[in-house]
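Below: one structure, written as structure tokens.
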Amino acid sequence: MEGGGRPSAAQAVLLTASTAITALLYSVYRQKARVARGLEGARKVRLDGDLRASVKETLSSQFVENCKGVVQRLTLQEHKMVNDYEKIIHQRTNTAPFDLAPAEAGAGVTVRVMKPLDAAELSLETVYEKFHPSVQSFTDVIGHYISGERPKGIQETEQMLKVGTALTGVGELVLDNTTIKLQPPKQGMPYYLSSLDFESLLQKQESGVRFWKILTMVFGFATCAVLFFLLRKQYRHHRERQHLRQMQEEFRQAQERLVNAEGGEVLKNACVVCLSSTKSCVFLECGHVCSCHECYQALPEPKKCPICRQGITRMVPLYNS
């Protein structure tokens, strides 16, 4: 604490930062909890069994034969030896229009999926993955040694949402003429296309809510601890100031009691420390006579004269006749 009982700059910054982090975490927690409540209260529509991706036009894998899907994501990722550095240098996602249809053949009810790339959780399966080690010339080795960058190579990945994958879709169902469409909700709720069943998806969201709740409570307790510490310091400073004022008042009252009622002068032989006993000590080398023997014994080490603050090398008793 600084003078006047005010918190120091570091303490103020710590309290402000912890409060801001707690407020941010609480905001995220409330958003996650709202999403989980919306997901839990969502109306469930089950059309004759599990819905699976069904299409007329498909995307073929570039690396795997007879692998067809409706969403294809190709990724080139660079790996370096510096702190396992990874960087996506190229990524392309292709989509084909598709419907969700019951697994039974010949079922007439289908749901057209709109904007699948907007889904918060799009379950893509990795169908191809290959790492290409970097081939470096002598000049490249020297350049990388100087710059501190040592590339490992390029990782090539292909992910697909295969035809026939069972999906759980969470979004807004609309009827457009004779077509049922699943699209992102307009109320700001997340849009899901997940390979998990609904209960597993709900449990995943609820576990995320619990995580953010615990994190918010931890930082909230930390903020309360910092605030309690600062308030406790402020209270102790306030008590010390009250005690000082009380001592000053007692000193003033003691001075008033020593005033000579007839002459109006303060008793000259009174000890300057306790103002009650008479002076009985001569301090050397300064020569001041200002204290009684009891107050001299109570002076802290190294003993110094209360008048001039010079060190006391020797004390000579004073006897008054």
Express in Å², to the nearest 10, the accessible area of Glu156 obtained by rolling a 1.4 Å probe over the protein heavy atoms while all chains stay in place. 40 Å²
Let me test this: with uniform point scatterers at the alpha carbons of segment 161-201, what is the Debye-based log₁₀ I(q)/I(0) at q = 0.15, 0.18, 0.34 1/Å? -0.44, -0.61, -1.07
What is the magnitude of the charge dipole of segment 146-213 about its Cα centre, with +1 placed on the Cβ of each Lys and Arg, -1 on the Cβ of each Asp and Glu, and no other charges, expressed in debye to the nearest 20? 240 debye
Average silhouette area of segment 269-317, convex hull of alpha-carbon atoms, in square nanometres: 2.8 nm²
Which cross-chain or sequence-distant (5 or more) residues have an amide H under 5 Å from the amide H of Lys152, H modelled 1.01 Å from N in plane? His79, Lys80, Met81
Among 242-248, 66-72, 192-198, 274-280, what's the highest-first ranking by average C-beta atoms within 10 angstrom per residue? 66-72, 192-198, 274-280, 242-248
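The values are calculated or read from the model by the stated rules, or taken from the named source; none is laboratory data. Quantities reported herein were computed from a predicted structural model and do not represent experimental measurements. Neighbour counts are summed over all protein chains in view; Cβ atoms, including those assigned to glycine, are modelled from backbone coordinates with ideal geometry. For accessibility, only protein heavy atoms count, side chains too; no ligands or nucleic acids. Shrake-Rupley method; radii C 1.70, N 1.55, O 1.52, S 1.80 Å.
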